[in-house]
1. Given 0.36 nm per residue, what is the gain on full extension from N147 to F132 after removing their alpha carbon distance, in nm?
2. Work out the length of the dipole vector of the chain about its Cα centre, built from +1 on the beta-carbon of each Lys and Arg and -1 on the beta-carbon of each Asp and Glu, and round it to the nearest 20 debye.
3. Below 10 angstrom from the Cβ of G133, what's the summed charge of the other residues (Lys, Arg +1; Asp, Glu -1)?
4. Could you give each residue of segment 27-38 its phi-based ³J(HN,Hα) in whole Hz, using Karplus coefficients 6.51, -1.76, 1.60 with θ = phi - 60°, and x for Gly or Pro?
5. Report for the chain the percent antiparallel among DSSP-assigned beta bridges with both residues inside it, nearest 5.
6. Kindly state, to the nearest 0.05, the FRET efficiency for E54 paired with S92, given R0 = 30 Å and r defined as their beta-carbon distance.
7. Could you work out [θ]222 nm for the chain from helices alone, using -39500 (n - 2.57) per DSSP H run of at least four and dividing by all its residues? Round to the nearest 500 deg cm²/dmol.
8. Using just the C-alpha positions of the chain as equal point scatterers, what log10 of I(q)/I(0) does the Debye formula give at each q in 0.14 1/Å?
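Taken together, the values in this text are just the output of simple stated rules run on the coordinates, not laboratory data. A quick note: this is a predicted structure, and the numbers were derived from the prediction, not measured. Because the Cβ atoms are built from the backbone with ideal geometry, glycine has one as well, and the counts that use them run over all protein chains shown.
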Amino acid sequence: MKYISLLIIFLFISCAKKQDVLLPKANVSIVKNVEDHSPIYIFFKTEEKDTIAEVNRKNSIISTNWIFNIDKRLPLKLIIPEVIKLQEKKRSDRAHKNEKAHNYYSYADSVGKNLAFLPFTNVYYKMNKPEFGILIFFTKTNSIFVNGVSVDKVDLQNYLTNLDSDKPNKLMFSFEKDMSFENYIQNKIWVGRLKLPDYNLTNEEFIF
């Protein structure tokens, strides 16, 4: 009964318009609690044959933590441009800037049976293919390619660790633009568990 109640509360977050956001699911909680926050909603909407990402941020306050409640069915090509706009707005507002305020994606922990949050404050999104570095590309069908070579998910850690190189190469994590938001969240959480040297990492992510 408790889990059913959590699903009702967390998987369908409604705003004043009675619109619903169907949250993605994952099997672990990265962050369990966020205080002093403002909600931002990105709804799944259809008009004739078109899918639309409808943004509602009217209750967001720059100086607070922002929680992005995004419908899991939306593709990244519709979500990320809106996220970029909101990130830029918050970063550029010097008058109300709070260095301790962060951005989080919300999702449902299907194992812990609670609402959870994934921080992405320092991520800079790019809607293009990276021009240098090692390209790690996640497709919408759950395939992974490293510089064009198919790599099984369970082998990715060893593959990246053992890459031959005479200098530190930046790892460019990239995601197919048609990937669903739920798939993206699950991949993001999984990538976060990889043990990779900081000098190989960048705060940029590429969607194309």
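1. Working: separation 15, 0.36 × 15 = 5.40 nm, distance 1.05 nm.
Extra length available between N147 and F132 comes to 4.4 nm.
2. Working: 30 positive and 24 negative charges, 112 e Å.
The calculated dipole for the chain is roughly 540 debye.
3. Working: positive: K170; negative: E131, E204.
Local charge sum for G133: -1.
4. Per residue, the Karplus-derived 3J(HN,Hα) values read 9, 7, 9, 6, 10, 9, 9, 10, 9, 6, 10, 10 Hz.
5. Working: 23 of 44 bridges.
The answer is about 50 percent antiparallel.
6. Details: r = 23 Å, r/R0 = 0.78.
It comes out at approximately 0.80.
7. Working: 4 runs with 39 residues, N = 208.
Computed mean residue ellipticity for the chain: -5500 deg cm²/dmol.
8. -0.89
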